[in-house]
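The values are calculated or read from the model by the stated rules, or taken from the named source; none is laboratory data. Bear in mind the structure is a predicted one, so any value in this text is a computation, not a measurement. Because the Cβ atoms are built from the backbone with ideal geometry, glycine has one as well, and the counts that use them run over all protein chains shown.
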Amino acid sequence: MVLIQEADFDMAAEYQALRQNGTGAIATFVGLVRDYGDQTGVEGLFLEHYPGMTEKVIEGLVDEAGRRWSIQAARVIHRVGHLALGEQIVFVGIASSHRSDAFAACEFIMDALKTSAPFWKKELNADGGRWVEQKDSDQARTAQWQTPDNH
């Protein structure tokens, strides 16, 4: 299941939705709007996406994870719109029979989502804000999954 939404999500409910007979492991990741304190002047985020295409890209990442690892279920939620400091922004949850598959699939989806899904992020501040460019470190993390030893 992939959802793009403005509303917050309930992590406990998402975790429970992943529980199935035969599940031996559930790995989850929750990303938050980072609060840098007064260092940067960032007061929040505004996220835009390409409706329809964003979901399709993330569904493709979930499908790819299912080809690489043995997973039973996946849930990905990404929020858009105005988000305050400290708010939940993204949830990735994977259910599997084995922890190694759950961990790897969860990490792969999150890394690939950061560089593949069509989201645009604006850091909001007193002057209005600035659009954030993709980080080289995110590109490097996604590239690591292209090597043969990562399935």
State which residue is nearest to Met110 (Cα to Cα) when the search covers only the range 30-52 and only residues that are of a type outside the set (Val, Ile, Thr) and in contact with a Gly (Cβ under 8 Å, 6 or more places away or on another chain).
-> Leu32
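Quick one: in the range 91-132, of everything that is charged (D, E, K, R) and in contact with a helix residue (DSSP H, G or I) (Cβ under 8 Å, 6 or more places away or on another chain), which residue is surrounded by the most Cβ atoms within 10 Å (Cβ to Cβ)?
Asp111
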State yes or no: is Gly81 on the phi > 0 side of the Ramachandran plot and surrounded by 14 or more Cβ atoms within 10 Å (Cβ to Cβ)?
-> no
Considering only the range 50-73, state which residues are modelled with pLDDT under 95 and surrounded by 12 or more Cβ atoms within 10 Å (Cβ to Cβ).
-> Tyr50
Taking the range 71-85 as the region of interest, how many residues are closer than 14 Å to Ala27 by Cα and either out of contact with any strand residue (DSSP E or B) (no Cβ under 6 Å at 6 or more places or on another chain) or of a type in the set (A, V, I, L, M) (or both)?
-> 4
Look at Gly41 and say whether it is over 17 Å from Glu14 (Cβ atoms) and either touching a Cys at 6+ places or on another chain (Cβ under 7 Å) or modelled with pLDDT under 95 (or both).
-> yes
Pick from the range 118-142, criterion in contact (Cβ under 8 Å) with a residue 40 or more places away in the chain, under 22 Å from Asp38 (Cβ atoms) and part of a strand (DSSP E or B), ranking: nearest to the chain's Cα centre (by Cα) | Lys121
